[in-house]
1. Is at least one residue of the range 50-69 modelled with pLDDT under 95, of a type outside the set (S, T, N, Q) and closer than 20 Å to SER27 by Cβ?
2. In the range 1-17, what residues are open to solvent by less than 30 Å² (accessible area, probe 1.4 Å) and under 14 Å from ASN84 (Cα atoms)?
3. Taking the residues in the range 65-109 that are in a strand (DSSP E or B) and of a type in the set (Gly, Ala, Ser) as candidates, determine which candidate is farthest from CYS22 (Cα to Cα).
4. Check the range 20-39 and report whether any residue there is in a loop (DSSP other than H, G, I, E, B) and among the basic types (Lys, Arg).
5. Output the residue which, of all residues in the range 100-113 that are farther than 12 Å from ARG38 by Cβ, open to solvent by 60 Å² or more (accessible area, probe 1.4 Å) and not hydrophobic (A, V, I, L, M, F, W, C), is modelled with the lowest pLDDT.
6. Would you pick out the residues in the range 55-64 that are open to solvent by 90 Å² or more (accessible area, probe 1.4 Å) and closer than 16 Å to SER17 by Cα?
7. Pull out all pairs, ordered by first then second residue, where Cβ-Cβ is under 9 Å, the residues are six or more apart or on different chains, the first lies in the range 28-45 and is on the phi > 0 side of the Ramachandran plot, and the second is crowded, with 16+ Cβ neighbours inside 10 Å and in a loop (DSSP other than H, G, I, E, B).
Amino acid sequence: QVQLVESGGGLVQPGGSLRLSCAASESIFTIYVMGWYRQAPGKERTLVATITQGDLINYADSVKGRFTISRDNAKNTVYLQMNNMKPEDTAVYYCYALKTLGASWGQGTQVTVSS
């Protein structure tokens, strides 16, 4: 299983920005899909954004136009740039990777949007 380590979470005011990073323990060329999910207190984990080996990108409707997923193959890292953030973006954000043998998850990073 690939190991994933997230960073970049924290507290931000409404309208502010954060960038999350997810570093993989191996080349992300071998990973079919990478992405971000989030889980708010008392709610299910839901998709935020994914990016495939072929750079096909998918966003949840709630973040379209505000969040951008990207990757740096040389650094084996996937990023999530979050702009114009809203209180409803508050959640634990998890990095996700899908390979032939199954899925891997990071430990999660807390993002809180509050004034």
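1. Within the range 50-69 (the criterion being modelled with pLDDT under 95, of a type outside the set (S, T, N, Q) and closer than 20 Å to SER27 by Cβ), the answer is yes, since at least one residue qualifies.
2. Hits for the range 1-17 are VAL12, GLY16.
3. GLY102
4. No, there is no match, as no residue in the range 20-39 is in a loop (DSSP other than H, G, I, E, B) and among the basic types (Lys, Arg).
5. Only one residue tops the list, namely THR100.
6. Scanning the range 55-64 gives a single hit, LYS64.
7. Going by the 9 Å Cβ cut-off, there are no qualifying pairs.
The values are calculated or read from the model by the stated rules, or taken from the named source; none is laboratory data. What you see is a predicted model; the values in this text were computed from it and never measured. Reconstructed Cβ throughout: ideal geometry from the backbone, glycine too, with neighbour counts over all protein chains shown. Accessible surface areas use protein heavy atoms only, side chains included; no ligands, DNA or RNA. Shrake-Rupley method; radii C 1.70, N 1.55, O 1.52, S 1.80 Å.
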